[in-house]
Amino acid sequence: MGQILLGDLDEAVAEIAQIAKLGLRGGVLLPGVVPGTGIPPLYAERWEPLWAACEEAGVVVNHHGGSAGPARPTGGAARLRCGCMRRTGGRIGRCGT
């Protein structure tokens, strides 16, 4: 899998072609976009050349999920949800049983 950085669109498109040429089976990994950095979200029209390059190269697209932005709350309801998951062994949908 090859990591794609979003700071330079032309460089990102060239890197996608290189990843395909190398035959990396995992495809490309796109980073999360941090709110407030000036980098548009991945669904913005600006990234059409990037998506076209992925389609043309036939690469698998992976997206690094998770929070790349401000810290998440850790108290109150957030803590309750985490504790509930721990008590149920991580079985989703089993909270409260």
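Determine whether region 55-76 contains at least one residue that is polar (S, T, N, Q) and at pLDDT below 60.
Yes, the conditions are met somewhere in region 55-76.
Find the residue count for region 2-52, including only residues that are more than 13 Å from the chain's Cα centre (by Cα), exposed (fewer than 13 other Cβ atoms within 10 Å of the Cβ) and closer than 16 Å to H63 by Cβ.
4
The values are calculated or read from the model by the stated rules, or taken from the named source; none is laboratory data. Remember, predicted model here, so these are calculated numbers, not experimental data. Every residue, glycine among them, receives a Cβ derived from its backbone with ideal geometry; neighbour counts consider all protein chains shown.
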